[in-house]
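The values are calculated or read from the model by the stated rules, or taken from the named source; none is laboratory data. Note that the coordinates shown come from a computational prediction; the quantities given were computed from them, not determined experimentally. Counting neighbours? That spans all protein chains shown, and the Cβs are built from the backbone with ideal geometry, glycine included.
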Amino acid sequence: MIRVRKPAEPPAVLRTKGATSRRSMSAAYSRDPQAYEAGTKSFEFDSGLYGHATVKQALLEAQHGKCAFCESKFVHIAYGDVEHFRPKAGWRQEEGEPLGKPGYYWLAYAWVNLFLSCTLCNQQFKRNLFPLQTPARRARNHKDDVLAEDPLLLDPAVDDPEAFISFREEVPYAVQGSARGEATIRTLGLRREALAERRRDRLGYVKALRNLVKLGGPEAVEAQDLLQRMQQNSAEYASMTRAFLR
């Protein structure tokens, strides 16, 4: 997981249609908040807005074609999901708890709340989970300030994930036992075996290149150049590679 630097200006569809929808949902909630909190009324979200082609393209470019969470490149085999960092329809503090309603509906089309994720990170692991260090500080509607929250999950557009998560070989761990690092690893399934296997393959390549550099000779310069490229943000599993080479 690495820092994601999105353009400051959201795609036009979010500024226009997304903003209009936000105002409409906020007004609807204000007319009958109890119904939305009880779940007898719910919001309908337009995936054509938050999942618009221009939104996906902007996220793809900002994230170098990688999942914002596991750093896997997947666009050659899947479209990926536009993931809501704060869940739009409902939230859970912990796995197995009832779904808290109505969710962060007012952030459904907010640029700051959107990332591109692989299907596994989004649909199998994160889903509606959004744990806070202090659950009582959770924003419950559009009138509350989400900046007062203290999320356990790392926001790759706000936090520097590498300050909280590092690697021992291909296995991620929480730096200095960080609660946020551990919660992020666990919630997003960043220790799942299939992902570890992909990282191991990458690490084997990194080790071979490092050995070529140590041996010297005509291949060492090219090997060093490849190692430099594999540490760049655009490279798959760059955070693991950087941690290993440190």
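Quick notes on this structure:
- Flag for A243 being of a type in the set (G, A, S) and closer than 22 Å to L152 by Cα: no
- Pairs, first more than 11 Å from M1 (Cα to Cα) in segment 155-174, second buried (at least 20 other Cβ atoms within 10 Å of the Cβ) and charged (D, E, K, R), C-beta under 6 Å, six or more apart: E170/R199
- Single residue of E193, E170 found to be crowded, with 18+ Cβ neighbours inside 10 Å and more than 18 Å from the chain's Cα centre (by Cα): E170
- 3 or more residues surrounded by fewer than 20 Cβ atoms within 10 Å (Cβ to Cβ) and of a type in the set (A, V, I, L, M): qualifying helices (runs of 4 or more DSSP H) within segment 1-95: 19-31, 53-62
Conditions (1) in contact (Cβ under 8 Å) with a residue 12 or more places away in the chain; (2) of a type outside the set (D, E), marked per residue:
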| site | (1), (2) |
| --- | --- |
| E9 | no, no |
| R23 | no, yes |
| L59 | yes, yes |
| Y79 | yes, yes |
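- Looking only at residues of segment 196-206 that are of a type outside the set (A, V, I, L, M) and in contact with a Phe, Trp or Tyr (Cβ under 9 Å, 6 or more places away or on another chain), we find that the one that is surrounded by the fewest Cβ atoms within 10 Å (Cβ to Cβ) is R198.
- Top-ranked residue in segment 215-232 [being in contact with a helix residue (DSSP H, G or I) (Cβ under 9 Å, 6 or more places away or on another chain) and within 24 Å of V171 (Cβ to Cβ); ranked as surrounded by the most Cβ atoms within 10 Å (Cβ to Cβ)]: M230
- All of Y109, Y104 fail the test of being touching a residue at least 60 places away in the same chain (Cβ under 8 Å), assigned by TED's automatic domain parsing to the domain that holds S26 and of a type in the set (F, W, Y), apart from Y109.
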